1. Quickly work out the Asp261-to-Tyr5 label distance, labels modelled 7 Å from Cα along the C-beta direction, and quote it in nm with one decimal.
2. Nearest 5 percent is fine: what portion of the DSSP beta bridges confined to the stretch 135-289 is antiparallel?
3. Tell me whether the stretch 176-306 comes out rounded, prolate or oblate; compute the Cα gyration tensor, take square roots of the eigenvalues as a ≥ b ≥ c, and use a/c under 1.5 as the rounded threshold.
4. Measure off 7 Å from each Cα along the Cα-to-Cβ vector at Tyr99 and Arg288, then give the distance between these two points in nanometres to one decimal.
5. If you rank Tyr99, Tyr179 by fewest surrounding Cβ atoms within 10 Å, what's the result?
6. Counting other beta carbons within 10 Å of each Cβ, put Leu305, Leu140, Leu255 in order, fewest first.
7. Grab the Cα-Cα distance for Ser52 and Glu216, subtract it from 0.36 nm times how many residues apart they are, and report the gain in nm with one decimal.
8. Name the residue from Ala262, Thr220, Gly293 whose Cα lies farthest towards the positive end of the charge dipole of the stretch 213-309, charges +1 on Cβ of Lys and Arg and -1 on Cβ of Asp and Glu.
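Every number here is computed from the coordinates shown, using simple stated rules; none is lab data. Computed from a predicted structure; not experimentally measured. Here the Cβ positions follow ideal geometry from the backbone for every residue, glycine too, while neighbour counts run over all protein chains shown.
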Amino acid sequence: MTAHYHVLGAKQFNRPELEELFESAIRMENREIWSTDPRYSGKVMTTLFFESSTRTRLSFESAMCRLGGKVIGTENAAQFSSTIKGETLEDTIRIVSGYSDVIVLRHTDIGAAERAAKVADVPIINAGDGAGEHPTQALLDLYSIRKECGRIDGLTIAMIGDLTYGRTVHSLSYMLTNYENIKILFVSPENVRIPTYVRHYLEEKGVSYAETDRFEDALTSADVLYQTRIQKERFPSIEEYRKAEGRYIINAEILERMRKDAIILHPLPRAGEIAPEVDDDPRAAYFRQARNGLYIRMALVEKCLQYEG
């Protein structure tokens, strides 16, 4: 089987690879005119989403279109694919590989992207696998931090909210281990703390971190407040969800207590944890962050397809 460049998890990236992707993203962002590139004419991306998505799916589709390729796919593969008839993920990937040059996969199961890559004849890009990882989100998060703060080395990043089921937090934590003098502050309710396996990986890599349930600890120390949604759909019971709901909300009062040079990021969608009144503050970078997803995903698609030759 031909070797392919798959994007499966955050741990696969080293610092030179990250810098190469960021430089490609800058090049994409600085293109004044979007014109069809003959290298991508006739290339087809399939977006195969078993979970709902707005930003990830549309930014990947926009990325492929802006490069000059075409897109096919489904935003609700759990219902509108042969999965509903009992087809396995592996068989679906074998079939879809025959129609595609690259597959962007979002699935409910942790490890689904790795399973897909074992049988695919084309590159697989992990667009989120349950509560596991979301590596392309972590890439755009790092790119956003680099643009907003001017650097990544030496920063303190507070990750706030649902840290157990928040796959974006897991991937960003892994990716931050490529940088020097990073400090991570995990702020969460007791029942959604960062998983043990993430902590162990940070310890292996020598990254400094601390855990707390006090929001106040992040406001004075963090360069980046990475706010996340409490993901109701992933909790085992409504009782567990209610223990975590509404604990940390960034509003006008919190803005007054934050550092003036800090930034606020959020993988979105938000569900009340950032008040609309925050949006006009220059430290609110989450909509700029979402925009950056287009450029990073253009760079990733380019890398996947160029690797194919």
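1. For the pair Tyr5/Asp261, the computed spacing is 3.6 nm.
2. 0 percent
3. rounded
4. Result for the modelled spin labels: 4.0 nm.
5. Tyr99, Tyr179
6. Ordered from fewest to most neighbouring Cβ atoms within 10 Å, Leu305, Leu140, Leu255 come out as Leu255, Leu305, Leu140.
7. 55.7 nm
8. It is Gly293, whose Cα lies furthest towards the positive end.
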